Amino acid sequence: MTQPHLPRRIVIAGGGTAGWMTAAAIARTLGPVAQVTLIESDQIGTIGVGESTIPPLVAYNRILGIDEAAFMRATQATFKLGINFENWRVAGESYFHSFGGTGKDHWSAGFQHFWLHGRDQGMAHAYGDYCLELKAAEAGRFAHLPDDRTNYAYQLDSALYARFLRGMAESDGTVRVEGRIAHVELDSETGDIAALLLEGDRRIEGDLFIDCTGFRALLIEGALHAGYDDWTHWLPCDGAVAIQTASVRPPVPYTRAIAHEAGWQWRIPLQHRQGNGIVYCSAFMEPDAALERLLATIEGEALVRPNPIRFQTGARRRQWHRNCVAVGLSAGFLEPLESTSIHLIQRAVLRILRMLPAGPVSVRDIDEFNDQQMTDMVQIRDFLILHYKVTDRRDSPFWRHCAAMAVPDSLTHRLALFRETGRVFRKNEELFAENSWVQVMMGQGILPQSYHPVAAKLRPEELAHLLQSLRDQVARTVDAMPSHADYIARYCNAQ
Ligand code: FAD
């Protein structure tokens, strides 16, 4: 049997959110078994965006033993119950993609089937009325409920999150090296990475290298040429400008995604400020026009200069290649619409830990890792494309382009199945579960033509009672919750 022979010297290149999330998790999980070194350059800095997250981050922090209130104080975090999509189906309308479930599923058919039947009978209210998180978000309320019944995430300052994790990682033994990586040295025999050469003649050797250098992808692409799948033809936005402003009202427990004629804008309320940004497609909007639009629509005093960013949506073809794993923006970017990037970092880090080789790195481990990461990205990609493709907007060249564009077969099939039958299936531990797909597909304008016959099994009075009691229960629970701002103030300051 192979004796455990961990890659003891783990070198992380880059100290943005990805770098420190990786260092903190590895150092805490492996302890003295691994020697973690992180190299970052203050001169280069980080991307400076990334504020909205999704519920699995709660579990990630718990795995690392992080105290939630301390984390929220340190990162100025607020709670997030979902995203309000404004102007996406048509200008002037909005819908929620909230966390958690809606109504009550039957094992054979999701709640949407019962709701559709109730709608036909004239006894169903808005679909969202049966979702606790959605109604709490709309009401600006929040509370942790017993048995973890509230599904939530955070809106946070990711630079502060990285700083918080750095403290943890360093106290767990990670060594931080300040410096600029000038060259990646390859082993002339194996082609693996042997060492990183820093300006000033420093040389850092390692067994496993984790590329967290952001869009630069210095190791995985610059040195190892792992390749990149460009998805711009499906996710055409390629530019963004971010700016932070002073808060003008108490923070709401949700992120706003507001479509405009060539992309969308975000608003993310934190405790101490608001994050704002515009995402646009440069084929349909000039960068100057995007900036102008952003500045014209922000509320509150600007706290920093606008931060312009260009990107190419897509995925690194091999995210683990030789003795190097890409984590974060170096592994690809799907644009920030559903706040999935920090989540993809988390998935990659946990996978690295699950698949740490016990001997020399196995090609099978690498293939498995790459397959799982790519599956995640493809599934998220399809979910994002849905927001652009399924729309009644035809009021600008950008939206006409999106409505006409070809989409992946996997998405075409899903949309057709839902349209015809009301059915949607979660595949292979997919991130976005049935209720996410249902909310967004209906929000974007698909109303299924039929539904599962089991819904008609209930007599009209039984169905009416079911719908009414579910709705009442949601309303009662939300009414008993405090305001989001009050809850944060109490929760974060309770010692
Ligand atoms: P970076 O932050 O760019 O860090 C790269 C690191 O590498 C830095 O420390 C840098 O100094 C270092 N480095 C680079 N080159 C060298 C070198 N030669 N030598 C030494 N060090 C080097 N994600 C979400 O989950 N939610 C969001 O709401 C969200 N919004 C976003 C909005 C936009 C417009 C964009 C572009 C991204 C958004 N993201 C979001 C993604 C999120 O910002 C990133 O996933 C996250 O910040 C991780 O970035 P990173 O650590 O991979 O890269």
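The values are calculated or read from the model by the stated rules, or taken from the named source; none is laboratory data. Because the structure is predicted, anything quoted here is derived from the model rather than measured. When we count neighbours, we look across all protein chains shown, and the Cβ atoms used for this are built from the backbone with ideal geometry, even at glycine. All accessible areas refer to the heavy atoms of the entire protein, side chains included, with ligands and DNA or RNA removed. Shrake-Rupley method; radii C 1.70, N 1.55, O 1.52, S 1.80 Å.
Within region 415-431, how many residues turn out to be more than 14 Å from GLY110 (Cα to Cα) and touching a residue at least 24 places away in the same chain (Cβ under 8 Å)?
Within region 415-431, residues that are more than 14 Å from GLY110 (Cα to Cα) and touching a residue at least 24 places away in the same chain (Cβ under 8 Å) number 7.
Going through region 315-335 one residue at a time, which ones are under 28 Å from VAL241 (Cβ atoms) and either surrounded by fewer than 19 Cβ atoms within 10 Å (Cβ to Cβ) or within 12 Å of the ligand (Cβ to nearest atom) (or both)?
ARG316, ALA326, VAL327, GLY328, LEU329, SER330, ALA331, GLY332, PHE333, LEU334, GLU335, listed by residue number.
Could you please let me know if GLY15 is among the small types (Gly, Ala, Ser) and within 14 Å of the ligand (Cβ to nearest atom)?
The answer is yes for GLY15.
From the set of residues in region 416-453 that are among the β-branched types (Val, Ile, Thr) and in a helix (DSSP H, G or I), which is most open to solvent (accessible area, probe 1.4 Å)?
THR421
In region 67-114, which residues are open to solvent by 20 Å² or more (accessible area, probe 1.4 Å) and β-branched (Val, Ile, Thr)?
VAL90
Scanning region 296-314 for residues that are more than 16 Å from the ligand (Cβ to nearest atom) and among the hydrophobic types (A, V, I, L, M, F, W, C), which turns out farthest from ARG9 (Cα to Cα)?
ALA296
Please verify whether region 370-382 includes one or more residues that are closer than 30 Å to ALA416 by Cα and within 12 Å of the ligand (Cβ to nearest atom).
For region 370-382, residues closer than 30 Å to ALA416 by Cα and within 12 Å of the ligand (Cβ to nearest atom): present.
Please go through (1) assigned by TED's automatic domain parsing to the domain that holds ASP192; (2) crowded, with 24+ Cβ neighbours inside 10 Å; (3) within 11 Å of the ligand (Cβ to nearest atom) for THR255 and return the number of the only condition it doesn't satisfy.
Going through the list (1) assigned by TED's automatic domain parsing to the domain that holds ASP192; (2) crowded, with 24+ Cβ neighbours inside 10 Å; (3) within 11 Å of the ligand (Cβ to nearest atom), THR255 breaks only (1).
Consider only pairs whose beta carbons are under 6 Å apart and that are at least six residues apart or on different chains; among these, list those whose first residue lies in region 27-48 and is without any contact (Cβ under 8 Å) to a residue 12 or more places away in the chain and assigned by TED's automatic domain parsing to the domain that holds VAL349 and whose second residue is in a loop (DSSP other than H, G, I, E, B) and within 15 Å of the ligand (Cβ to nearest atom).
Qualifying pairs under 6 Å: none.
So which residues in region 135-163 are within 14 Å of the ligand (Cβ to nearest atom), more than 21 Å from ALA217 (Cα to Cα) and part of a helix (DSSP H, G or I)?
Result: LEU160, TYR161, ARG163.
Among the residues in region 7-21, are any at pLDDT below 90 and outside any strand (DSSP E or B)?
yes
Is it the case that HIS117 is crowded, with 19+ Cβ neighbours inside 10 Å and either over 24 Å from the mean Cα position of the chain (by Cα) or closer than 21 Å to GLY422 by Cα (or both)?
Yes; evaluated as a whole, the condition is true for this residue.
Can you find, within region 184-217, the residue that is nearest to the chain's Cα centre (by Cα) among those that are open to solvent by 60 Å² or more (accessible area, probe 1.4 Å) and among the hydrophobic types (A, V, I, L, M, F, W, C)?
PHE215
Just the residues that are out of contact with any Phe, Trp or Tyr (no Cβ under 6 Å at 6 or more places or on another chain) and either modelled with pLDDT of 95 or more or closer than 13 Å to VAL424 by Cβ (or both), please, taken from region 100-114.
Selection gives ALA109, GLY110, PHE111, GLN112, PHE114.
Say whether the condition of being among the acidic types (Asp, Glu) and open to solvent by less than 30 Å² (accessible area, probe 1.4 Å) is met by at least one residue in region 159-179.
No: region 159-179 contains no residue that is among the acidic types (Asp, Glu) and open to solvent by less than 30 Å² (accessible area, probe 1.4 Å).
Out of (1) under 25 Å from the mean Cα position of the chain (by Cα); (2) modelled with pLDDT under 95, what's the single condition that is false for GLN439?
(2)
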